[in-house]
Amino acid sequence: MTELVSAIAKSLVEHPEAVEVSSEEINGTTTIQLKVADDDMGKVIGKQGRIAKAIRTVVKAAATKAGAKVVVEIVQ
């Protein structure tokens, strides 16, 4: 799932080398943290959070198909 989030984020931002994706599993839920450059934050979140919601929806669909529970967090 981290590769999926990384690929989506790198295609959206101007500085793909600054994209960092990490994951942590707690109680059967995998939390994926996405960190991008400060000036790319708006491109990943989108107007009214629409792009962030779309990223979360795609990852959730892929995780459900794989039988896992995944949460995506966008951090600074």
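Numbers at a glance
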{"quantity": "Residue tally, condition in a loop (DSSP other than H, G, I, E, B) and surrounded by 14 or more Cβ atoms within 10 Å (Cβ to Cβ), over segment 1-20", "calculated": "3"}
{"quantity": "Count of segment 21-72 residues which are charged (D, E, K, R), farther than 17 Å from GLU3 by Cβ and not in a helix (DSSP H, G or I)", "calculated": "1"}
{"quantity": "Segment 26-48, residues that are more than 15 Å from VAL13 (Cβ to Cβ) and either exposed (fewer than 12 other Cβ atoms within 10 Å of the Cβ) or among the polar types (S, T, N, Q) (or both)", "calculated": "ILE26, ASN27, GLY28, THR29, THR30, THR31, GLN33, LYS47, GLN48"}
{"quantity": "Which numbered condition VAL36 misses (of (1) farther than 15 Å from ILE74 by Cβ; (2) touching a helix residue (DSSP H, G or I) at 6+ places or on another chain (Cβ under 7 Å))", "calculated": "(1)"}
{"quantity": "Inter-residue pairs, beta-carbon under 6 Å, first under 12 Å from VAL44 (Cα atoms) and in segment 9-23, second assigned to a strand (DSSP E or B) and at pLDDT 95 or above, 6+ apart", "calculated": "ALA9/LEU34"}
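The values are calculated or read from the model by the stated rules, or taken from the named source; none is laboratory data. Owing to the predicted nature of the structure, the values given are computational and were not obtained by experimental measurement. Note that we place each Cβ from the backbone using ideal geometry, even for glycine, and neighbour counts take in every protein chain shown.
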